[in-house]
1. Rounded to a whole number, what % of the accessible area of the stretch 96-147 do carbon and sulfur atoms account for, probe 1.4 Å?
2. Can you tell me which of 30-39, 145-154 comes out highest on packing, and rank the rest after it, using the mean Cβ neighbours within 10 Å?
3. In Å, the Kirkwood hydrodynamic radius of the stretch 65-170 over pairs of distinct alpha carbons?
Amino acid sequence: MSIMLLSFAPYAPGVPKSSMQSQADFALSVSLTALFGVFSVITTPILCKYLLPVLPGSAPLEVGALGIARSLGISIFLPTLLGVFIFETRPQLALRLSEWVNTFANIFLPAMLLLAIVSRFENLRQVNGQAMLTMIIACLAFSLLGYNLSDLDEASRRTTSLGSGLRNPS
């Protein structure tokens, strides 16, 4: 059931940072992050209500769109809008802040991953090797699909590959 819930998750917020590091299309990655975030506010409650009961041993799960929107607003949309606002209104300030923000992100993202692993270590230990292998294969397959199904330029193909492959493990 947890893998099904992960598949309903919005686009990974780490994709814009990964896009920047891999010289992919940064603007496209930010746009896709916003678009899929909005999309998930609508689709996640519907999917949880109607698809989860189909799974053996599962019951309908009530997930509120308002809670999803609030979480995405704080974690994805607010920082993105603030960055765009500063870049558009004070480009020199944005350039000065970008080095500090990049350094912070390079430290913060791995620290959050470590915190997630440590805090959920018992849950992770219970995941068997076959399930872990399935998740890795799915990430690679979606990454390849994202790359190969994009008819855009090379940078955009890298962006759709990152977004497709990193969407759920993030």
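The values are calculated or read from the model by the stated rules, or taken from the named source; none is laboratory data. As the structure is a prediction and not an experimental result, all values here were calculated from the model. Cβ: placed from backbone, ideal geometry, glycine included. Neighbour counts: every protein chain shown. Ligands, DNA and RNA are excluded from the accessible area calculation, which covers all protein heavy atoms including side chains. Shrake-Rupley method; radii C 1.70, N 1.55, O 1.52, S 1.80 Å.
1. Taking all protein chains in place, the stretch 96-147 shows 73 percent carbon and sulfur surface.
2. 30-39, 145-154
3. By the Kirkwood definition, the hydrodynamic radius is 16.9 Å.
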